[in-house]
Amino acid sequence: MNVVCVGDCGIDHYLPSGERLPGGITANFAQHAQREFDESDTVRIVSCVGDDDGAAIVMSSLAATGIDCHISVLPGCTPVQFIEIEADGEKHFVRYDEGVLRDFTFDAGQATLIADADLVVAPVYLQIVGLYDTLMSIETSGKVAVDFADFLEHPDFGLLDNYIDRIDIGFFGLHSRDRATIDAISSRARDHDKLFVVTLGAQGSVVFHGDRQNACAAQPVKRVVDTTGAGDAYAAGFLSRWCHGAGIQESMEHGAALAASVVGRLGSQPEQSLSGGAR
C-alpha cells in the first residue's frame, strides 16, 4: 500500500519553557504510520519547511525513520504551533504560525505522488484551507482520509460538505460529547455512506460507518503529561488496521492504544523519533 501524508511538518513550541520539539499533524501521523502499517507498505510525506533552524529539527526527526520524504525547502519560517499544557496534561494551542505553509503549492512530482496514492491522509484547518482546496482538486485513484483539525473550536461543516464526495474517511477530535456536532457528523455518514471517526479524549471514541455505529473506551493511562498528537496517533493506528481488512472495533481499539502511548510524556511524536529509529 502506498500511503501519502500531505500537509504540515513543523515545530511544537512549548510555553513557558521554550522547549521545541518536532510536530505537525502530517509529520506526527507519518511517524506513527511508518511503525504501524505493514512493512511492505510505503509511507510518504508531501510537505514543506522553511530555511531556518526549525527545519533542521523537523528533518532530523524524519531522517532515520525510513519515511519517503518529498519536502520542499522554501525561504521563510517553518510552521510553529505554540502550546501550553494544563495541569491535567490537556494541550492548549495558544497561537499558530503557518510560515511557509501559507504559500505552499505542490510541484508536479508531489502532485503525481498524491494522484497515484492508495491512501491520501491530510489535515485541514483555518490557516491551510487553500492547500486543502488544491489537494481536493487532484484526482486520486485511492482513498482519501481527512483530519478536520479545527472542529473542536470551529466546527465548519463547509470544509466537509464541499468535498464530501471526495472524502472516504473523516477524523474529528471533539474531546466532549457535543451532541449537536456529533449528530451532524452522524447524519452525514449515514446520508453519504462515509466512515467518520469522532475522538473524545478520555471519553473514548465513536465511529459512524453509514448507518452503523461503534464505540470504544479510551485506554487507561497512569498519568497524562501532554495530549498533543494523541489524535494523530489514533488515526494512524486506526487506519493501519482498517486499511488491511480489520473490523471497525479492532481498528478503534488499536487507535486508542496508540493514542494512550503518547500522552504520558512531552511531545507529539513516537519517542524514537526524537533520537532516530525506524521499523
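The values are calculated or read from the model by the stated rules, or taken from the named source; none is laboratory data. The structure presented is a predicted model; accordingly, all values stated were derived computationally and were not measured. Note that we place each Cβ from the backbone using ideal geometry, even for glycine, and neighbour counts take in every protein chain shown.
Among the residues of region 130-156, those that are within 24 Å of Asp178 (Cα to Cα) and modelled with pLDDT under 95 comprise Ala149, Asp150, Phe151, Leu152, Glu153, His154, Pro155, Asp156. Leu160 fulfils the conditions (1) within 19 Å of the chain's Cα centre (by Cα); (2) under 21 Å from Ala33 (Cα atoms); (3) crowded, with 19+ Cβ neighbours inside 10 Å except for a single criterion, (2). Filtering region 94-126 to residues that are in contact with an Asp or Glu (Cβ under 7 Å, 6 or more places away or on another chain), surrounded by 20 or more Cβ atoms within 10 Å (Cβ to Cβ), over 15 Å from Ile71 (Cβ atoms) and at pLDDT 95 or above leaves only Pro123. The residue of region 25-42 that is nearest to the chain's Cα centre (by Cα), among those that are in contact (Cβ under 8 Å) with a residue 60 or more places away in the chain and part of a loop (DSSP other than H, G, I, E, B), is Phe37.
Of all residues in region 192-244, exactly one satisfies the criterion of being closer than 20 Å to Val43 by Cβ and over 17 Å from the mean Cα position of the chain (by Cα), namely His244. Remark: pairs (first residue in region 53-80, at positive phi; second residue not in a helix (DSSP H, G or I); Cβ separation under 9 Å; 6+ apart in sequence or on different chains) = Gly66/Val43; Gly66/Ala278; Gly66/Arg279; Gly76/Gly50; Gly76/Asp51; Gly76/Asp52.
May I ask you to say which residue of Gly210, Gly231, Gly173 is touching a residue at least 60 places away in the same chain (Cβ under 8 Å) and either out of contact with any Cys (no Cβ under 9 Å at 6 or more places or on another chain) or β-branched (Val, Ile, Thr) (or both)?
After ruling out the rest, the residue left standing is Gly231.
The selection criterion, being under 17 Å from Asp150 (Cβ atoms) and crowded, with 16+ Cβ neighbours inside 10 Å, holds for Gln81.
Looking only at residues in region 88-119 that are without any contact (Cβ under 8 Å) to a residue 24 or more places away in the chain and in a helix (DSSP H, G or I), the one that is farthest from Tyr234 (Cα to Cα) is Ala108. Residues in region 3-23 that are of a type outside the set (Val, Ile, Thr) and closer than 18 Å to Phe106 by Cα: Cys5, Gly7, Asp8, Cys9, Gly10. Do the conditions hold for Ala56, that is, is it of a type in the set (A, V, I, L, M), closer than 22 Å to Thr228 by Cα and within 15 Å of the chain's Cα centre (by Cα)? Criteria not met by Ala56.
Selection within region 257-277: residues that are buried (at least 22 other Cβ atoms within 10 Å of the Cβ) and either among the polar types (S, T, N, Q) or touching a strand residue (DSSP E or B) at 6+ places or on another chain (Cβ under 8 Å) (or both). The member of this set that is modelled with the lowest pLDDT is Ser273. Might you check whether a residue that is in contact (Cβ under 8 Å) with a residue 40 or more places away in the chain, crowded, with 21+ Cβ neighbours inside 10 Å and within 30 Å of Tyr14 (Cβ to Cβ) occurs anywhere in region 139-147? Yes, some residue in region 139-147 is in contact (Cβ under 8 Å) with a residue 40 or more places away in the chain, crowded, with 21+ Cβ neighbours inside 10 Å and within 30 Å of Tyr14 (Cβ to Cβ). Restricting Ser47, Ser72 to those that are hydroxyl-bearing (Ser, Thr, Tyr), in contact with a strand residue (DSSP E or B) (Cβ under 9 Å, 6 or more places away or on another chain) and surrounded by 24 or more Cβ atoms within 10 Å (Cβ to Cβ) reduces the list to Ser47.
Candidates Ile45, Ile11, Ile71, Ile83: the one that is assigned to a strand (DSSP E or B) and either over 28 Å from Leu152 (Cα atoms) or more than 19 Å from the chain's Cα centre (by Cα) (or both) is Ile71.
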